[in-house]
1. Points 7 angstrom from Cα along the Cβ direction at Val161 and Glu313: gap in nanometres?
2. What FRET efficiency comes out for the pair Thr184/Glu126, r = Cβ-Cβ distance, R0 = 25 Å, nearest 0.05?
3. Return, ordered by residue number, the residues of segment 250-281 whose backbone nitrogen is under 17 Å from a label point located 7 Å along Cα→Cβ of Arg139.
4. How high is the FRET efficiency between Arg113 and Lys37 when r is their beta carbon distance and R₀ equals 45 Å, given to the nearest 0.05?
5. Measuring from label point to label point, each 7 Å out along Cα→Cβ, what is the Ala256 to Thr51 span in nm?
6. Among Asn275, Asn346, Ser231, whose Cα sits farthest toward the positive end of the charge dipole of the chain (+1 at Cβ of Lys/Arg, -1 at Cβ of Asp/Glu, about the Cα centre)?
7. How would you classify segment 159-293 from its alpha-carbon gyration tensor, with a ≥ b ≥ c the square roots of the eigenvalues: rounded for a/c under 1.5, else prolate if a/b is greater than b/c, otherwise oblate?
8. Longer than 27 Å from Cα to Cα, which of Lys183/Lys289; Lys42/Lys69; Lys88/Lys216 are they? Say none if no pair is.
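Nothing in this text is a laboratory measurement; each read-out follows from the coordinates by a stated rule. What you see is a predicted model; the values in this text were computed from it and never measured. Note: ideal-geometry Cβ built from the backbone for every residue, glycine included; neighbour counts use all protein chains shown.
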Amino acid sequence: MERRAFMALGGAALAAGGLGMAPASGAPAKPTRPGRKPLLMKLGCQSEPSTEEHFAFFARYGIHNVCAKPETSGGRLYSTVEELEKLKAMGARHELAIDMVQPILLPSSHIDREAHPAIMLADSPERDRDIEAFQTLIRNCAKAGIPAIKYNMSLLGVLRVGDVPGRGDVRYLEWDAATAKPKTPLTKAGPVNADAFWERITYFLDRVVPVANEYKVRIACHPHDPGVPPSGYQGIDRVLGTIDGLKRFVSIRESAYHGLNFCQGTISEDLADPNTQIHDVIRWFGTRKKIFNVHFRNIRGHRDKFLEVYPDEGSVDMVRALETYREVGYDGMIMPDHVPEVPGDNGGARLASFAFCYGYIRGLMQSAERLA
């Protein structure tokens with residue numbers, strides 16, 4: 001079928017269900033109605049690896065903005081300007097903009113498996129060396145023209161209890177705080193109460209935010225996934241696993257360059273009723289311009305008990321959520337994350353699930369652009 005005829009047919013079908021559809025590529029968008037904010041966000045992705053083959057996969061499904069992991073050689077804990085420029089050049093070959101990078105330091109990993117734990121263990125002088133490397137990465141990103149860095153401040157990584165069958169033959173990861181049993185009572189960090197955790201966070205921010213300010217590079221921290229009961233888990237009080245904790249976090253060293261990698265899935269995991277509560281959380285952080293990147297994923301459930309599902313079948317109304325990001329003027333990437341596993345899908349790469357999510361998000365965005 002000829003493209004324009006196909007698009008017209010698809011638009012008519014969606015309109016019958018109460019939704020509009022964006023015009024064919026190159027056609028002018030329908031004017032936004034008076035008083036309605038334009039849709040500024042960009043479909044993005046952060047899945048790995050950052051290779052020619054995977055960048056071609058992004059381009060195939062209409063991705064033009066990504067968070068990528070640059071090469072870091074020579075045993076360094078930061079990427080050089082040349083390595084960052086090499087990453088940008090590879091992106092340009094696939095019409096991808098590198099909007100954010102993921103460093104070697106401060107990943108989302110359990111501290112007992114982390115190769116560079118000093119910052120989160122408060123292990124000086126090594127943590128000062130690692131913070132200096134993070135500062136250098138900020139400077140190098142500025143020189144290479146990369147505007148943002150994402151990171152985590154976690155001791156426990158991502159907590160799940162296993163997986164369960166989903167629709168068709170997919171598997172959904174599950175968290176149930178009532179049945180979760182850690183492998184060991186404590187991590188190598190030992191007991192870390194809230195005061196100790198906040199000291200480590202503040203120590204890092206006091207030294208890094210001024211450099212981010214100077215070089216105008218945004219640093220985006222991911223929440224703790226998931227929040228745990230007040231008694232903690234493996235002796236750890238996850239202070240970035242509550243909304244109040246995240247509000248406190250962004251108020252430390254207040255800056256336009258210090259904010260969140262706003263994982264909607266993780267934040268939904270911190271709420272008793274995600275579908276009704278998530279919108280006010282988006283508004284609180286969004287109106288303060290603290291949302292630097294969005295992981296647009298859904299869960300089925302609520303705090304302490306949930307499944308990670310496809311975006312169209314979870315507890316949160318994703319159409320309404322997208323509208324709330326528009327309402328606050330969010331203009332960064334909006335991307336899938338933690339997609340369900342399809343058996344035999346490229347050795348666990350989950351490419352089929354990512355492709356589904358790209359299409360789902362793109363469809364929501366185009367419909368939102370056309371709503372009268």
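1. The answer from the label model is 2.1 nm.
2. Values: r = 23 Å, r/R0 = 0.92.
With a Förster radius of 25 Å, E is 0.60.
3. In segment 250-281, the label zone of Arg139 (backbone N under 17 Å from the point 7 Å along Cα→Cβ) covers no residue.
4. So the FRET efficiency works out to roughly 0.55.
5. According to this spin-label approximation, the distance is 4.0 nm.
6. Farthest towards the positive pole: Asn275.
7. Cα axes put segment 159-293 in the oblate bin.
8. Lys183/Lys289
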